[in-house]
Amino acid sequence: MKWKNKGHEFDAIGSKYKELKGILVYGAGELGVELHKILKGIGADYKFVDDYLGVEKKYLGVEVVTSDEMRALMREKGYIIVLAFGRLNTGMLLKQLILEGMVLGENLFEYHSFVDFYLHIIAAYRYNKCFIYSCGVKVINTCTLRCEKCMSALPYTQEKNLSLEEAMEETDFLFSKLDFICYYGIGIGEGFLYKDLDKLIEYTMEKYKDNIGVFAIVTNGTIVPSERVLEMVKKYNISIRVSNYYSVPGWKEKYAKLCEVLKKHEIIIQDYKYDEWIDMGWCDRKKEKDRRMTQKKFDNCGMNCRAVVKGRLTYCIHSMAANEALYQIDIEKDELDLSEEIEDIKKIIMEYDLGFNNNGALTMCQFCNGYININKNKVAVATQLKRG
Ligand code: SF4
Ligand code: SF4
């Protein structure tokens, strides 16, 4: 979407919540805990609602009210309820609460649309804070594999990894501007290849653990990290996400070794196995000429990998990396310069993260087939380029 009223795109919705007294998180399971982390990170006023926990009156250090007390607070006005449940319970409670007069999208929300949309607006308008679902710094630009259709075109790049000092500086800058990141990462290449990974994890988590939901390291499963890295992973509960490239010759053996070491350290991994992958189209250099089609593609693209690079927020880290590797176009106008002191910056960051920008799309969208939710160009997983 193209900015029409930068910093004020959501005034109509945001103004309803400027006087919000508090958020009632109904449900204390996995979704409730996720929401608690974000709400704590943005300094929101909130309480849990739970008829069983209500006896204890505190959960994760937060006040708990019963459903009767919740109804009394709703009569007072100024509160909203978020149903942090799975589908079955959400449906039942929506029915009850709507029949009692609560209005979906006004003072009653279900978890996913609340976290993916409304909460961003409430954070900016009520608390002058912003959070991003998935964002990080771009510390690593190298990889042990050479996938022909790498989403970030890494096999074609000349970019180097950041030094530890540069990485720490970028991290400090990011957290001086953004208040909470649900999924935090450190780059697009092979995470365990970063030589100061242990120090970077420690530095980041010691300073910013309250600003991070999950710190995730993405690995292609080919490297066994050092003892010191494993110690930091364990200590700070870092999430290890393995891209399962079982079709790459020799991969299974390396992965088995990694699993063995991680198991010994009682570190759980998340294994992401794909039957097919997508071709972003970077190497084809085919350009979409119809601007409206490019804008439509951007609006429908589910890419949610943001990054702060050299003081600028980039919407799509993969296209940024592909540009560095293959195109070298000036794409500064697509990014958000966070170094300037601008009024309403939290609202502008929120709008940018929700898909507003100067041209209604990114320059690189012209060359791109889109992210996984819209990309029909399927290819085999991790086909390797020849070395040399
Ligand atoms: S797709 Fe992943 S494993 Fe393959 S080159 Fe790119 S970053 Fe490395
Ligand atoms: S269309 Fe491509 S370049 Fe544009 S946001 Fe989506 S993935 Fe990134």
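The values are calculated or read from the model by the stated rules, or taken from the named source; none is laboratory data. Here the structure is a predicted model, which is why all the values come from computation and not from measurement. Note that each Cβ is placed from the backbone with ideal geometry, even for glycine, and that neighbours are counted across all protein chains shown.
Could you list, in sequence order, all residues of region 218-240 that are within 12 Å of ligand 1 (Cβ to nearest atom) and surrounded by 19 or more Cβ atoms within 10 Å (Cβ to Cβ)? Answer for region 218-240, where residues must be within 12 Å of ligand 1 (Cβ to nearest atom) and surrounded by 19 or more Cβ atoms within 10 Å (Cβ to Cβ): 218, 219, 220, 221, 222. When every residue of region 157-164 is checked against the conditions, at least one turns out to be surrounded by 17 or more Cβ atoms within 10 Å (Cβ to Cβ) and within 17 Å of residue 385 (Cα to Cα). Out of the residues in region 236-261 meeting the condition of being outside any loop (DSSP other than H, G, I, E, B) and under 22 Å from the mean Cα position of the chain (by Cα), tell me which one is nearest to ligand 2 (Cβ to nearest atom). It comes out as 243. Residue 64 meets each of the listed conditions (1) touching a residue at least 60 places away in the same chain (Cβ under 8 Å); (2) surrounded by 13 or more Cβ atoms within 10 Å (Cβ to Cβ) apart from (1).
The set of residues in region 315-351 being of a type outside the set (Ser, Thr, Tyr), outside any loop (DSSP other than H, G, I, E, B) and away from ligand 1 (no atom under 16 Å from the Cβ) consists of 332, 333, 334, 336, 337, 345, 346, 347, 348, 349, 350, 351. Going by the conditions given, is residue 365 within 11 Å of ligand 2 (Cβ to nearest atom), over 20 Å from residue 148 (Cα atoms) and at pLDDT 95 or above? Here the answer is no, as residue 365 does not meet what is asked.
The condition of being within 16 Å of ligand 1 (Cβ to nearest atom), within 25 Å of residue 154 (Cβ to Cβ) and either in a loop (DSSP other than H, G, I, E, B) or within 20 Å of the chain's Cα centre (by Cα) (or both) holds for only one of 370, 281, that being 281. Within the option set 135, 150, being under 21 Å from residue 255 (Cα atoms), within 16 Å of ligand 2 (Cβ to nearest atom), crowded, with 17+ Cβ neighbours inside 10 Å and not β-branched (Val, Ile, Thr) holds for one residue only, 150. None of 98, 80 is in a strand (DSSP E or B), more than 21 Å from the chain's Cα centre (by Cα) and at pLDDT 95 or above except 80.
If only residues of region 184-198 that are without any contact (Cβ under 8 Å) to a residue 40 or more places away in the chain and assigned to a helix (DSSP H, G or I) are counted, the one that is farthest from ligand 2 (Cβ to nearest atom) is 198. Based on what the data block shows, is residue 39 modelled with pLDDT of 95 or more, part of a helix (DSSP H, G or I) and closer than 30 Å to residue 302 by Cα? The answer is yes for residue 39. None of 181, 201 is away from ligand 1 (no atom under 16 Å from the Cβ) and not in a helix (DSSP H, G or I) except 181.
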